[in-house]
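What follows is one structure encoded as structure tokens, with my remarks underneath.
Each value in this text was obtained by applying a stated rule to the coordinates, not by laboratory testing. Quick caveat, the model's predicted, so the values are computed rather than measured. All Cβ positions, glycine included, derive from the backbone under ideal geometry; neighbour counts span all protein chains shown.
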Amino acid sequence: MSKKMTAPAVRARKGGDPVVMVTAYDAPGARMADEAGVDMILVGDSLAMVVLGYDDTLQVTVDDMAHHTAAVARGVARSSGAGPARPNPLIVADLPWMSYHVSVEDTVRNAAQLVRAGAQAVKLEGGRKRVPMVESIIEAEVPVMGHIGLTPQSVHAMGGFKVQGKDVDAAQALVDDALALEQAGCFSIVLEGVPDQVARMVTDAVHVPTIGIGAGPWCDGQVLVFHDVLGIEDRITPKFVRRYASLKADAVAALSAFADDVRARRFPADDESYHLADGVADALGLYGAATKSA
Ligand code: KIV
């Protein structure tokens, strides 16, 4: 049996082996991530952009997130896992935009919906101003992951998807935000789109693991988006993405080969077809196999 990763176990990894997180949005993706032995699967609200075709993450709702979280949870539950040496990943679901901005009651109810769908922790964006929401979710016994720096749900407020923390005040503000999230009880903090030295300052300042994306090598862990790692998304290549496969190109080649075979009547072959027993075919006055495949 593989060991189950938990929020306290992730927290205890501070200063230890780097923590690996990848996004997934459906059961097959979750099974692949589990079999690869990642520590955490994030059902990210990047769902909106990489799966649902929107231009930003603001379009997805709690119902959308719950739907995909449930698929990921089923995928992990039915996966064969990565063997005894690797953990069963912790499933973290993103609270989408406007699900934790209106009231504490709303926030806790929305976090609960994601937990009932299969999440074992939730993530939300923002620093000091989110402390009351973080505390109320933790009060309801749900682990919370913070997310600061380039927070995609603030795309309009930031004036685009821009690297954050580039001047002295902004860098110091990120440290203060991280300390506030740690104090509020977050078990880890995503640092997105910040200069590597600032990520190092933040990582050194807090006692919980920082998980970087576009935040350089000094974070306690790293996260990438599933479709970026596998080259399923090939339109935009942010500099922080390393592609480990070219699945979009492979998929297009495979689908083209299928289309060619159908058009040339090479698919399906005789051994890819079901056949009647000879007696039944004869009784129906049908052609024999030789005639069929000719
Ligand atoms: O939604 C997402 O994929 C994320 C990661 C970029 C951390 O929040």
Give or take rounding to whole Å, what are the principal axis extents of the alpha carbon atoms in the range 158-230, in descending order? 35, 28, 20
Rounded to the nearest 10 degrees, what's the angle between the helix 247-263 long axis and the longest principal axis of the chain, both from Cα atoms, 0 to 90? 20 degrees
Helix-only CD estimate at 222 nm, as mean residue ellipticity for the chain, using -39500 (n - 2.57) per DSSP H run (n ≥ 4): -12000 deg cm²/dmol
Indicate, rounded to the nearest 5 percent, the antiparallel portion of the DSSP beta bridges found entirely in the range 114-203. 10 percent
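Among bridges DSSP assigns within the chain, what percent are antiparallel (round to 5)?
5 percent
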log10 I(q)/I(0) for the chain, Debye formula on C-alpha points only (no solvent), q = 0.12 Å⁻¹, two decimals, reads -0.76
Have a look at Gln120, Ala281, Ala48 and report the one farthest towards the positive end of the charge dipole of the chain, computed about the Cα centre with Cβ charges (Lys/Arg +1, Asp/Glu -1). Gln120
For Asp282 and Ala251, what does the FRET efficiency come to when R0 = 35 Å and r is the distance between their Cβ atoms, rounded to the nearest 0.05? 0.20
Take the alpha carbon atoms of the range 223-240, find their center, do the same for the range 39-115, and report the distance between the two centers in whole angstrom. 19 Å
Ordering of 127-137, 39-49, 242-252 by burial proxy (mean other Cβ atoms within 10 Å per residue, highest first): 39-49, 127-137, 242-252
So which aspartates and glutamates can Lys3 reach, going by Cα to Cα under 18 Å and dropping same-chain residues fewer than 8 places off? Asp17, Asp34, Glu35, Asp39
Peptides 66-73, 225-232: what's the order by average Cβ count within 10 Å, highest mean first? 66-73, 225-232
Sequence-distant lysines (8 or more away, or on other chains) whose Cα lies within less than 21 Å of Lys4: Lys14, Lys123
Using unit Cβ charges (K, R positive; D, E negative) and no other charged atoms, how large, in debye to the nearest 20, is the dipole of the range 144-262 about its Cα centre? 180 debye
For the chain, with only Lys/Arg (+1) and Asp/Glu (-1) charged at the beta-carbon, what is the dipole magnitude about the Cα centre, in debye rounded to 20? 380 debye
